[in-house]
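Participant: This is the structure, below, for whatever I ask next.
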Amino acid sequence: MVTGGTDSGRGQWSSKMGFILAAAGSAIGLGNIWRFPYVTGQNGGAAFLVLYLACVAVLGVPVMIAELTIGRFSRRNPVGAFKMIRPGSPWKLIGYAGVATGICILSYYSVLAGYTTGYIVKTLIGNTTAYEAFTSNVWIVLPLFLVFIVFTVLVVQGGIKNGIERWAKILMPILLLLLVALIIRSVTLEGAGRGLSFYLKPDFSKVTGKTILAALGQAFFSLSLGMGAMLTYGSYLAKKDNIVTSGLYVAFFDTLIAVMAGLLIFPALFAMGMQPDQGTGLVFKVLPMIFASIPGGHLIGAAFFLLLSIAALTSTISLLEVATAYMVDEKHWLRKRAVWVMALICFALGLPSILSQGIVPWLEKLPLVGMSFLGLMDYIFGNVMLAIGALMISIFFGWLWKVKNAAAELREGCPGFGRIAPVLDIMLKFVCPALILVVLVFLFIDVA
Ligand code: PHE
């Protein structure tokens, strides 16, 4: 039997609350506030919301618990964790794939996060340049991208307690307060009611296979699952903490913020008589116009983009942490060196993404695939790789490591685990692999 890893030389969260805030910070990001509303808008509103909530509960929560358990048991990064539980087996490839996926997601995610930061100032000073004109100005977007990566590096360099946790403690409550204030403004706008019914009154007649696929994909991306981010955060979790309730809290907060983002955006959208299916530019194109049309809107708008930047930062931190933990644990690099080298790779990988938004025409519409370089990166790494990762993690947990072997780890901090063990077993053995496989098959049919 494999025994768990030791804590020697590794950081640890100082409290369960510190962990929950940090992990919720990873989950909550552009995925909730930028991606969720535009995907919901494209998929008919309320019915999509219901499907998304179901996916989080059925698929997200079990995979989240699996990742946290593997992480805390092994006290390792994703590569080290699989190496330890199944020495000499190819399962460590899931870990390598996770490290690479994290870096690749970080590369384009930071481009979008840079836009978000730029929009704080743009909205504050009342600059009305169109979204396309903004993204195609390389002298503006490139420094913003760089600044965002450097910011991420500085936080991650600080390590677990001093860096990630301290920031998350300050940032997350601010985020929640800002959202509440903005929602109050949005739902009191004239004509907001139609937006509320679009978002909250489901019409299932419009649900198609594509809607279900979109809901599944959104659940993974939003919960930071499938590439080892939650596994890595779990590796800093104390033995006395309850993995099951921690996982549930994180999933709850993440979903709450996504639902709140919808409450913010749809009432305002409809109040302005605009269409909900605008696509990826939704937040960047429509909100500034909405903010510009209400008194004091530039301040509300700046606050919104500040909120979005904060959310993005706590996510980029977790993306960089996966690769950093790998270099520190496995290659024995100093944390500082690991962080800067990884950031440099990210910067290089992000360049084509930034150039693909109206600067270099062939990158904007890649030959053969027909989408932008950034779009392709998001499709491959933010979609397919996360789904493959989550599939592998549930198979690994359900069939190889097995819930009964993980039970001792899960029972630490959660004495009542025995009662839910059979449910987790069924979910990770059958339900999750089957559902994710269906998603992947559809994704490939879609490509073919
Ligand atoms: N969950 C983050 C968001 O919603 C993105 C993310 C994905 C972070 C995967 C880490 C790992 O923005």
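The values are calculated or read from the model by the stated rules, or taken from the named source; none is laboratory data. Note that the structure is predicted; figures quoted are calculated from it, not measured. Quick reminder, even Gly has a Cβ in these numbers, built from the backbone with ideal geometry, and neighbours come from all protein chains shown.
Participant: Condition first: buried (at least 24 other Cβ atoms within 10 Å of the Cβ) and among the small types (G, A, S). Now tell me which residues in the range 52-97 satisfy that.
Facilitator: G60, A66, G71, A81, G95, listed by residue number.
Participant: Still on this model: From L196, L175, grab the single residue that is of a type in the set (A, V, I, L, M), within 16 Å of the ligand (Cβ to nearest atom) and under 19 Å from T255 (Cα atoms).
Facilitator: Numbers: L196 fails: within 16 Å of the ligand (Cβ to nearest atom).
Just one listed residue meets the conditions, L175.
Participant: Given the conditions (1) within 16 Å of the ligand (Cβ to nearest atom); (2) touching a residue at least 40 places away in the same chain (Cβ under 8 Å), and given that W340 satisfies all but one, which numbered condition is not satisfied?
Facilitator: Here W340 meets the rest and fails (1).
Participant: For the range 125-136, give me each residue that is of a type outside the set (G, A, S) and surrounded by fewer than 14 Cβ atoms within 10 Å (Cβ to Cβ).
Facilitator: Within the range 125-136, I125, N127, T128, T129, E132 qualify.
Participant: Check the range 119-134 and report whether any residue there is within 22 Å of the chain's Cα centre (by Cα), more than 29 Å from D329 (Cβ to Cβ), in a helix (DSSP H, G or I) and modelled with pLDDT of 80 or more.
Facilitator: Filtering the range 119-134 down to residues within 22 Å of the chain's Cα centre (by Cα) leaves 119-120.
This time we only want the ones that are more than 29 Å from D329 (Cβ to Cβ), so: 119-120.
Among the residues that remain, those that are also in a helix (DSSP H, G or I) are: 119-120.
Subset that is modelled with pLDDT of 80 or more: 119-120.
Yes - at least one qualifying residue is present in the range 119-134.
Participant: Looking at the range 90-106, I want the residues that are without any contact (Cβ under 8 Å) to a residue 60 or more places away in the chain and have a partner that is more than 11 Å from the ligand (Cβ to nearest atom) with Cβ atoms under 6 Å, at least 6 apart or on another chain. Which pairs are those?
Facilitator: K92/V79; K92/F82; K92/K83; Y96/V79
Participant: Go over the candidates P422, P367 one by one and state the one that is of a type outside the set (S, T, N, Q), surrounded by fewer than 17 Cβ atoms within 10 Å (Cβ to Cβ) and part of a loop (DSSP other than H, G, I, E, B). If you could, list the steps in order and put the result at the bottom.
Facilitator: On the way: P422 fails: part of a loop (DSSP other than H, G, I, E, B).
That would be P367, the only listed residue that is of a type outside the set (S, T, N, Q), surrounded by fewer than 17 Cβ atoms within 10 Å (Cβ to Cβ) and part of a loop (DSSP other than H, G, I, E, B).
Participant: Here's something else I'd like to know. Restricting the search to the range 223-242, which residues are part of a loop (DSSP other than H, G, I, E, B) and more than 8 Å from the ligand (Cβ to nearest atom)? Steps first, please.
Facilitator: Residues of the range 223-242 part of a loop (DSSP other than H, G, I, E, B): 223-228, 235-242.
The answer is G228, S235, Y236, L237, A238, K239, K240, D241, N242.
Participant: From the list L368, L376, pick out the single residue that is closer than 22 Å to F220 by Cα and away from the ligand (no atom under 15 Å from the Cβ). Full working, then the answer.
Facilitator: Details: L368 fails: closer than 22 Å to F220 by Cα.
Only one candidate passes the filter, namely L376.
Participant: Another question about this same structure. Kindly indicate the residue of the range 16-49 that is more than 18 Å from T314 (Cα to Cα) and of a type in the set (S, T, N, Q) and also nearest to the ligand (Cβ to nearest atom) among those meeting that condition.
Facilitator: Just the residues of the range 16-49 that are more than 18 Å from T314 (Cα to Cα), to begin with: 37-49.
The next check asks that each one be of a type in the set (S, T, N, Q); those that pass are 40, 42-43.
Numbers: T40: 14, Q42: 17, N43: 17 Å.
Checked the range 16-49; the qualifying residue nearest to the ligand (Cβ to nearest atom) is T40.
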